[in-house]
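Q: Below: one structure in structure tokens.
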Amino acid sequence: MENLFSEKVRDEAVMKVKTESGKTAADIGAGTGFMTEGLLNAGLDVVIVEYSQEMIEILKQRFGHLREVKIIKSSQQKIDITDNSVDYVFSNMFLHNIESPVEVIKDMLRILKPGGKLAITDLAEHRYEDFQKQHNHRWPGFNMPDLYEWFVEAGCKEISIEVLNETVQFESAAGESIKIGIFLGYGEKH
């Protein structure tokens, strides 16, 4: 799905977090490594967390030779990273595939060091069932009040949830051009 939107999505997330070169970021639900690529370009060490063996193989081919990258296969229920161990957590287009987003957000905070920063980019709420079914998404995007509440429940501070000036674009079965907004959710660990 990452070819359906521009690199500006990950650039916005990295800028919002104000990353510092040499620190460590986790890329949760990395897919083919769209976010990882941006994090490496920002000078970060990256712990890639992925659930699909097929994606793990792609990630190994793309990044396995880099000393700045560690690839972990994990379950969707619990991120297989030690508590308080990374400076930043990023997740792009992953939350809509998860049964319990609030539990995953809590787990993302668990792995952050105190003062660590979290950035999630994903789909804003939409009504396009064709798109949801075509990509096997569990959620039809998210509304901002729910996201804010989940960040609060997870224990985030300095929360901001905003819809970016970016969209996912696709053509419906009927040939209609459809655009879905993308949000950036940001929070910090106490």
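Any read-out appearing in this document is the output of simple, stated calculations on the displayed coordinates, not a laboratory observation. It should be emphasised that the depicted structure is a prediction, and the values quoted were computed from it without experimental measurement. Every residue, glycine as well, gets a Cβ built from its backbone with ideal geometry; the counts of neighbours run over all protein chains shown.
Q: Just to be sure, is residue 67 closer than 18 Å to residue 41 by Cβ, surrounded by fewer than 20 Cβ atoms within 10 Å (Cβ to Cβ) and free of Cβ contacts under 8 Å to residues at least 24 places away in the same chain?
A: Yes; evaluated as a whole, the condition is true for this residue.
Q: Same structure, new question: Considering 75, 100, which residue is free of Cβ contacts under 8 Å to residues at least 24 places away in the same chain, small (Gly, Ala, Ser) and either crowded, with 18+ Cβ neighbours inside 10 Å or closer than 20 Å to residue 137 by Cβ (or both)?
A: Criteria check complete, one pass: 100.
Q: Could you tell me whether residue 118 is among the hydrophobic types (A, V, I, L, M, F, W, C) and buried (at least 20 other Cβ atoms within 10 Å of the Cβ)?
A: yes
Q: For region 45-62, which positions are over 16 Å from the mean Cα position of the chain (by Cα) and buried (at least 20 other Cβ atoms within 10 Å of the Cβ)?
A: Across region 45-62, there are no qualifying residues.
Conditions (1) more than 21 Å from residue 37 (Cβ to Cβ); (2) among the β-branched types (Val, Ile, Thr); (3) in contact with a strand residue (DSSP E or B) (Cβ under 7 Å, 6 or more places away or on another chain), marked per residue:
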position	(1), (2), (3)
110	yes, no, no
142	yes, no, yes
146	yes, no, no
158	yes, no, yes
186	no, no, yes
